[in-house]
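The values are calculated or read from the model by the stated rules, or taken from the named source; none is laboratory data. None of the values given here were measured: they were computed from a predicted structure. Neighbour counts are summed over all protein chains in view; Cβ atoms, including those assigned to glycine, are modelled from backbone coordinates with ideal geometry.
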Amino acid sequence: MDAPVRSGLESRIEPDDHQALRLWLRLLSCSTEIENEIRKRLREHVGMTLSRFDYLAQLHRAPDGLRMSQLSQRLMVTGGSVTGLTDELVRQGHVVREGDPQDRRSQRVVLTLEGRAAFEAAAGIHEQWVVELFGTLSAQDRTQLLQLLGRLRSQLSLALHPSASTPDALPHRADPTPARRAARPARAARPAAQATRTRPPKGTP
C-alpha cells in the first residue's frame, strides 16, 4: 500500500477532504514532478526547453505543417507565445513559414530537415527518461493506470465537450513516444541559402 504523501501540492490535504480532491492533488503532484524533471533534463542534456520540445513534436506529427492557430490550440497557449517560439525556431533553422495553399491569408509552419533531426534526437532521449520515471510500476500497474485515466478522460470529454465524441477531439499534447514512428522520407536538402522543408513526396506510404 502507498504511504500518505505530505509534500508539495499534497501538503494541503486535510484528513476530512473528499476523496476526489485527494485524488486530484495526487494526480497533479505526480504530473508536476514528472514534468519538472523532464524540463530540467531537457535543458541540461539537450539544451532545449520543454515548450520548444512540445512545439516541435506537434510539427513532427504534421508533415504538411500547421497554421499558427492550430499550434496555439494544440499546445494550449496564447497566439503570442506561439509567435515568439516560431520566430526563435525560424532563426535557428528548425522551422520555416510557408503560404497556406488552402487560405492565402494564412501561413503554415513546417519542420526543416534540421528541425526534424534535432527533434528526433531529443525525442529518443525523452522517451528513455519517461520509461525510467515510470519504472517503479509493474507492467500490470501501468496498464491498469492507463486504462483508468483513459476512462476518466473519456468521461471528462463527454461532460465538458458534449460535441466531441472521443477524447481525440480535445487539443493534442506532445506525443510522448514520437521516436518510435518511422520518420517519413524527406526531399533532398536545398542549398544552404534556402529554407529546407521536410514534407514527404506525394505517394509516400
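What to note about this one:
- Some residue of region 57-64 being in contact (Cβ under 8 Å) with a residue 24 or more places away in the chain, over 24 Å from residue 128 (Cβ atoms) and out of contact with any His (no Cβ under 6 Å at 6 or more places or on another chain): yes
- Taken over region 120-138, the criterion of being under 18 Å from residue 30 (Cβ atoms) and without any contact (Cβ under 8 Å) to a residue 40 or more places away in the chain is satisfied by 131, 132, 134, 135, 136, 137, 138.
- Region 50-74, residues that are in a helix (DSSP H, G or I) and among the acidic types (Asp, Glu): 54
- Checked against (1) farther than 19 Å from residue 126 by Cα; (2) surrounded by 17 or more Cβ atoms within 10 Å (Cβ to Cβ); (3) in contact with a strand residue (DSSP E or B) (Cβ under 9 Å, 6 or more places away or on another chain), residue 58 meets all criteria but (1).
- Selection within region 1-25: residues that are under 23 Å from residue 137 (Cα atoms) and part of a loop (DSSP other than H, G, I, E, B). The member of this set that is modelled with the highest pLDDT is 7.
- Residue 97 falls short on exactly one of the conditions (1) basic (Lys, Arg); (2) surrounded by 17 or more Cβ atoms within 10 Å (Cβ to Cβ); (3) touching a strand residue (DSSP E or B) at 6+ places or on another chain (Cβ under 7 Å), and that condition is (2).
- For residue 89, the conditions (1) more than 26 Å from residue 129 (Cβ to Cβ); (2) surrounded by 14 or more Cβ atoms within 10 Å (Cβ to Cβ) all hold with the exception of (1).
- Of all residues in region 129-147, those satisfying the criterion of being surrounded by fewer than 10 Cβ atoms within 10 Å (Cβ to Cβ) and in a helix (DSSP H, G or I) are 139, 140.
- Tabulated pairs, region 23-34, first touching a residue at least 60 places away in the same chain (Cβ under 8 Å) and under 12 Å from residue 130 (Cα atoms), second among the aliphatic types (A, V, I, L, M) and surrounded by 13 or more Cβ atoms within 10 Å (Cβ to Cβ), C-beta under 7 angstrom, 6+ apart or interchain: 34/133
- Some residue of region 99-109 being part of a strand (DSSP E or B) and either closer than 16 Å to residue 54 by Cβ or not assigned by TED's automatic domain parsing to the domain that holds residue 85 (or both): yes
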